[in-house]
Amino acid sequence: MTVRSARVITYSVVGLFACIAARMTPPLARAPGTDVLGAFADASSASAPSATNELIAVAPGPLVVSSPNALIASPVVVFASNEAKVDTLTVSGVIQSSLFSALDKNADQSLPRSARAELAFTLADIFEYRVDMSKDLQVGDRFSVLVERLQKPNGAVIVSKILGARLALSGNEMEAIRFTSSRATGEYFDGSGKSLRASFLRAPVAFRRISSRFGGRRHPVLGIWRRHKGQDYAAASGTPVRTIGDGVVVFAGRKRGYGNVVDIRHRNGFVSRYGHLRSFGKGVRRGARVTIGSTIGAVGMTGLATGPHLHFELLVNGVQRDPRLALQMKGGEPIPSSERGVFQRLRTRTLGTLALATN
Ligand SMILES: [Zn+2]
């Protein structure tokens, strides 16, 4: 199959008085039943953004931040020298080795290297309550991302925000739609309108901390300690380790092969365990309360470890469980019904735009 990389959908130059918008090329005709997108089939049937002109229309004159839920809220950032350029593009691809290399390859014409790396990190951040990007991706998994790209007056190109994304991981599809809700928390919502923020993070080390450069390794030094059931995260010594959820520290100290280890008890009988730590986070001691994402220690190689890595376990009612299954939380606050209509229209347009670029 062919995956068109980083096709530019719209392009608008936003100046103080100037406003130029180029039309997107019309969508290619596609016969039913010839869908090569597999998992993305239903997205491609979503209505294409027929309101293309509306999407790129920017009124001249004083720039006003458009509705937060406009698909292309282009003139959000205005530079004093009035020549910031904002456009959107879609990057899509298939995972061959890592998210990094897929983005590196598929966006090499449209984004500078630093922006490609940032795009990978940001994408991982958006899905961090659902997907552990350092472990969950498999060869053949697909992604597509609708990105707002911004060129600063000095010429530097950055990714200003991700407007929407789709992932198909081993056939399991996920969406993220950027939406501002008056009541539900979080910036991103899934296809059913639930916030992507949930009670647990999927990984105890942020993706951006694990693979700090392109071609980052997916798998760590496993070492000689074979008795354990858990997940290992290779990271430089000193890398912050975060608690995956709110909870109470029930153990912080030295324990055999684990070395310096922290156990945190969460709701639902979950206990998360973080081993081989070089050091403990400030105030992390038995009885301390911790909040989701807070740093509870630093990666090290205490105990039985041959190199610096975090050993992570999830125990459910005292039994070690596969975090990939146990943390498959679909939770997340839903968008209130009064905002559903707006959200659904935005979602349809976002998915339509993504589908156009992936056919
Ligand atoms: Zn381990």
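Bear in mind these aren't lab numbers, they're just calculated from the coordinates by the rules spelled out. Everything numeric here is computed off the predicted structure, so don't read it as measured data. As a convention, Cβ positions derive from the backbone with ideal geometry for all residues, glycine included, and neighbour counts pool all protein chains shown.
Normalised by 2.2 N^0.38 Å, where N is the number of residues, the C-alpha radius of gyration of segment 290-359 stands at 1.87. Mind scanning LYS105/LYS135; LYS135/LYS282; LYS105/LYS229; LYS105/LYS282; LYS161/LYS282 and naming the pairs with a C-alpha gap bigger than 31 Å? Distance filter (> 31 Å) returns LYS105/LYS229; LYS105/LYS282; LYS161/LYS282. Each residue of segment 237-250 is assigned a 3J(HN,Hα), and the resulting list reads 4, x, 4, x, 10, 10, 6, 7, x, 4, x, 10, 6, 9 Hz, derived from the Karplus form 6.51 cos²θ - 1.76 cosθ + 1.60 (θ = phi - 60°), x at Gly and Pro.
Backbone amide hydrogens, once placed in the peptide plane, bring ASP246 within less than 5 Å of ILE292, excluding anything fewer than 5 places away on its chain. With R₀ set to 41 Å, the beta-carbon distance separating SER97 from ARG289 gives a calculated FRET efficiency near 0.55.
Excluding same-chain neighbours fewer than eight residues apart, the aspartates and glutamates reachable from LYS152 by a Cα-Cα span under 17 Å are GLU83, ASP87, GLU118.
Ranked from largest, the principal axis spans of the Cα set of segment 76-216 equal 44, 39, 24 Å. Here the peptides 160-170, 260-270 are ranked by packing, the mean other Cβ count within 10 Å, and the order with the highest first is 160-170, 260-270.
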